[in-house]
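The values are calculated or read from the model by the stated rules, or taken from the named source; none is laboratory data. A quick note: this is a predicted structure, and the numbers were derived from the prediction, not measured. Here the Cβ positions follow ideal geometry from the backbone for every residue, glycine too, while neighbour counts run over all protein chains shown.
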Amino acid sequence: MRDAAGSIPFTFDGKAYAGQPGDTLAAALIANGVRLVARSFKLHRPRGIMGAGVEEPSALVTVGEGARAEPNARATDVFLYPGLVARSQNAWPSLAFDVGAVNSLAAALIPAGFYYKTFFGPPSRWMLYERFIRRAAGLGKPPQAPDPDHYGHRSAFCDVLVVGAGPAGLAAALTAVDAGKRVILIEQDAAPGGSLLRERVTIDGEPGVVWAANVADRIRAGGGRVLLRTTVSGYWDDNFLTAVERRVEPGQPAEGDAQVLWRVRAGEVVLATGTIERPLVFANNDLPGVMMAGAARALALRHGVAPGRRAVIATSHDEAYRTAFALADLGVEIVAILDSRTQASGPLVEAARARFVVHAGARPLRAIRRGIGLAGVDALIDGAKRRLLADCLAMSGGASPVLHLHRQAGGALEYDAARGGFLPGAGRQRHVSIGAAAGEHDLSAILTLARVVDPLGPGSPPAPGPLWHDEAPGKAFVDFQNDVTTLDLALAQREGYVSVEHTKRYTTLGMGTDQGKTGAMVALAQIADLRGVPLPDAGLTTFRPPYTPVTMGAFAGPMKGDHAAPIRRLPLAAAHDALGALWVPAGAWMRPRAYLAPDETVAQASLREARMVRASVGVVDVSSLAKFEIAGPDAVDLVAAVCATPVAKLAIGRGRYTVMLREDGMVMDDGTLWRLAEDRWLITSSTGGAARMARHLTYVADVLLGHPRAAVVDVGEHWAGLALAGPQAAAVLSGLTGAEAPAHMGLGDAVIAGVPVRVLAASYSGERAFEVHVPGHLARAVFDALVGAARGLGGGVYGLDAMDHLRVEKGHVVIGAEADGRVTPADLGLGGVLRKTGGYVGWQALQRPALVGPVGRRHLVGLTSVDHTPIAEGAMLVMREGEPPLGHVTTAAPRVAQDGAIALGLLTDGATRHGQIMLAWSPTRRSTVPVRVGPPLFYDAQGARYRD
Amino acid sequence: MLLIPCPHCGPRNQEEFAYERTLDSVVRLNDAPELAIATLYARANPRGQEHEIWSHTCGQWLRLTRDRISHAIHSVEPL
Ligand SMILES: [Zn+2]
């Protein structure tokens, strides 16, 4: 028996209470006389505690404060800790006086199919209702601040994974441990025992709970791992399961990880997941005070809490009779046991008849409400309606095996007409179901090796039904969490949403955290009856993971903030920092965007840097570019298959621009190709495409060419790359190397500051330019020498933005901006560089009629702002505002060589539109700029400046 | 998550592998354009067993024979 005063302080809706050690929040609330705990999702009906664990559909609360608040916690699945703060949800201004319920507007406006009809109706209707719905309907609100807790990820292997530490799971885990297996036993409750926590049996002379704790200890002692407060959320392929371990309760600050996401690969899986009790369906079966018989028994026997003073037990089978004994022993007056069976017998029933009023063939018709709670029940007894006064109605419509994991694993279901429900059939992976989850109800049959003593004697299996009745005015709920009633299911059938999958989407049946745990079977029974088909023919909805809600933080685990994705830093990051670089993420890399002088904006700095390159010389870090060396007797075949440009005739020591295609003919990447020796090549390609290119090269080599005698080495991280560009670039280079600079598209070895380097003469800026490749760990001295020499000639460093300005003026494309995966080389004006003989990836697809036809493709164009106003990137290209776009702006830039604003864009039939004036229209940026369409080349059209 | 036996590395988690395509969708470099285009855009998508190309992070390309209903892997061969 329970002490009157609790020792653990907590608050609910701001009011202070105290509970006992081991209490769930639900048990502590009921012990403190709190019956109204929540307002329902759609209809704002008052709700109390209905269940005893994760299946609780109604008592959803927010636990914790501020950033640590956890919405939609089930009050039955939160264990009390000192200082716990819980709040009700979905009620305004207060739980007891909720406007949404009082004006009953919600009920009038949101019948089944409301969302469905609204979404399929005209958009104006949705706009009208949206604000109302958002406030009136909904579960709890997520916290707005970043989650302060840490979440861990753990991986594990085992021979046997047992899910559920009830009697069956404990016995199975112990047997496996004794057989020398590596065992993991997972239990979502805080204590082992499962059903033993709410029964009064002795096993081998010990109370069931003590036996369970001892077995758990023996499993641990035998090397097994017992994870309590851990829920298996998903059963995936090849016996891979995920489980979430709660190290602290919702809202409770943690020393280390608040939760751990386990990823377990198991040899065998034993599903001992037990059952979930089914409700009875009658009018107002959702009133606070109406609860599952098993939950009432758990309150009494596990927590010593009486769920009321006068109780009616309504049941369709023997098991709920135990609740009458448990409650009576706490001093609860048992008004009557209503048994829907006309004939019931057996030791348990006989024992009950000796002590309580038992009505056979009786059932509740309608729960009577007073205030916000239960006052009594109108029942059908001996063929007549009688009113029984009670503040607790403990109901049970049978029990359904928990089949979620079995189904997620691909296991079959078998309908057992005698037991009135689905049982696990053959498994598809290596798993078995045991105990109550497999339909076994008798504890002595589960624990064959133990001596089980049940003081009340055995009952018959809890397997009639599922039952539903719709015979009294008032809402009779089948899905309490989603406010789905018998009328809603009938409406769905009438309106043609016949299949259970359609009914689910039409009525929201089985959605939310509930996922059909309590209501699925009674809903199926009604749907089957309405359709006039046997229950198994009504179908089942898919059992999707997760079994219970998983917080996003558990999925992320430690991979958040700076750990969310690796950050790649340049070998010269420290040198750039010393120069005041402003960093910008470029893919996984951090690259210098610009080097800001005091009081300079990024735009000003970038333009200054770009003009410096045009006027004298600049140094930019291009180390992040992808670089691959391909060597071997067959290297030329591999290069020719990947590169769509002429390859074989390239002279040793020379390079050229190249483009790589996907096999659908679209541009995948571009870069430069260099022949280092007869059988040795270097490909450079885009920073962002590095991983894709690495994969592509090996795909072409291994799959398409069948392992040619050619090695592909990713040398991207080996070489730092420094581009030197401008009219003074050659002077800087020869000044440092003491040798003549290579000719345009030539390459050569040199020594700078005592470091051997490779110099590639290629230009991206339109100026005479060189790429200096130097091993990353030796790059600093070379960088300092280049920057020092450049400064001596009026130059310096430049960043990514300046590089972008320079390439836009020259019409060079960027992978991802202009080459967005939907353009061919011809669309970009590169048709002329392709190899005429084909034989490269993508050559065939370029022959597609849609690609060779003369009209309808989007072409790369240059856009000049007519009035020098900057053009918005991403703007649509239109003839008049509001018209469908003919293209879009891909990159915008200021002019470098003179004042003005330019852009590159993709424009339908753009090559034929040169000279036209269009609008670059961006409603989101509130910008409309008249632009003149022209060729994508704004500077040095003859190409005189970059040649030697 | 599938457990895929890499011929090099043994059974490893699916997250270490990348699916590439079905074997019948490989466009050979010398295929005629009509065949290549049909391979790309007019493929069968049979229910049940399929030959697939995957790659492992170790660099090995693989041919999997896999059931697309049950996800069962019948064979894995190096390509
Ligand atoms: Zn491997």
(request) Starting from residues that are within 16 Å of the ligand (Cβ to nearest atom) and at the interface with chain A (Cβ under 10 Å from one of its Cβ atoms), keep the ones in region B:16-31 and report whichever is nearest to A:Ala156 (Cα to Cα). (result) B:Ala18
(request) Could you check how many residues of region A:816-849 are over 22 Å from A:Gln916 (Cα atoms) and either of a type in the set (D, E, K, R) or assigned by TED's automatic domain parsing to the domain that holds A:Ala901 (or both)? (result) 5
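Looking only at region A:154-199, how many residues end up being crowded, with 17+ Cβ neighbours inside 10 Å and of a type outside the set (A, V, I, L, M)?
Qualifying residue count, region A:154-199: 16.
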(request) Identify, by number, the condition in (1) surrounded by 18 or more Cβ atoms within 10 Å (Cβ to Cβ); (2) assigned to a helix (DSSP H, G or I) that A:Gln604 doesn't meet. (result) (1)
(request) Among the residues of region A:643-667, write down those that are within 14 Å of chain B (Cβ to nearest Cβ) and in a strand (DSSP E or B). (result) A:Cys643, A:Met660, A:Leu661
(request) Could you tell me whether A:Gly532 is surrounded by fewer than 16 Cβ atoms within 10 Å (Cβ to Cβ) and touching a Phe, Trp or Tyr at 6+ places or on another chain (Cβ under 7 Å)? (result) no
(request) Kindly state which strands (runs of 3 or more DSSP E) lie completely within region A:273-338 and contain at least 3 residues that are among the aliphatic types (A, V, I, L, M). (result) A:290-292, A:310-315
(request) Output the residues belonging to region B:1-15 that are under 14 Å from the mean Cα position of the chain (by Cα) and either aliphatic (A, V, I, L, M) or more than 13 Å from the ligand (Cβ to nearest atom) (or both). (result) B:Leu2, B:Ile4
(request) Quickly run through region B:32-71 and pick out the residues that are facing chain A (nearest Cβ under 9 Å), surrounded by fewer than 16 Cβ atoms within 10 Å (Cβ to Cβ) and away from the ligand (no atom under 16 Å from the Cβ). (result) B:Ala32, B:Pro33, B:Glu34, B:Leu35, B:Tyr41, B:Ser70, B:His71
(request) Having 2 or more residues that are within 30 Å of A:Met745 (Cβ to Cβ) is the bar; report the strands (runs of 3 or more DSSP E) wholly within region A:851-948 that clear it. (result) A:858-865, A:887-894, A:901-908
(request) Please give the strands (runs of 3 or more DSSP E) falling wholly within region A:361-404 in which 3 or more residues are surrounded by fewer than 23 Cβ atoms within 10 Å (Cβ to Cβ), on the phi > 0 side of the Ramachandran plot and at pLDDT below 95. (result) none
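Any idea which residue in region A:336-347 is nearest to A:Ala436 (Cα to Cα), counting only those that are of a type outside the set (Gly, Ala, Ser) and crowded, with 22+ Cβ neighbours inside 10 Å?
Step one: list which residues in region A:336-347 are of a type outside the set (Gly, Ala, Ser), which gives A:337-339, A:341-343, A:347.
If we keep only those that are crowded, with 22+ Cβ neighbours inside 10 Å as well, we get A:337-339.
On the way: A:Ile337: 25, A:Leu338: 25, A:Asp339: 22 Å.
This residue is A:Asp339.
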(request) Within region B:1-55, count every residue that is in a loop (DSSP other than H, G, I, E, B) and of a type in the set (A, V, I, L, M, F, W, C). (result) 9
(request) Look at B:Leu79 and say whether it is of a type outside the set (Asp, Glu) and under 24 Å from A:Leu846 (Cα atoms). (result) no
(request) Six or more apart or on different chains, Cβ under 8 Å: which pairs go from a residue in region B:1-25 that's more than 23 Å from A:Gln429 (Cα to Cα) to one that's assigned to a loop (DSSP other than H, G, I, E, B) and more than 13 Å from the ligand (Cβ to nearest atom)? Could you list them? (result) B:Thr22/B:Arg43; B:Asp24/B:Arg43; B:Asp24/B:Ala44; B:Ser25/B:Arg43
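Given the criterion within 22 Å of A:Leu705 (Cβ to Cβ) and either of a type in the set (Lys, Arg) or within 12 Å of chain A (Cβ to nearest Cβ) (or both), identify the matching residue among B:Pro78, B:Pro11, B:Pro5.
Exactly one residue qualifies, and that residue is B:Pro78.
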(message) Residues that are over 23 Å from A:Val260 (Cα atoms), over 36 Å from the mean Cα position of the chain (by Cα) and more than 14 Å from chain B (Cβ to nearest Cβ): does region A:180-189 have at least one?
(response) yes
(message) I'd like to verify a number: residues in region A:222-252 that are within 14 Å of chain B (Cβ to nearest Cβ) and over 14 Å from A:Leu405 (Cβ atoms), how many?
(response) 1
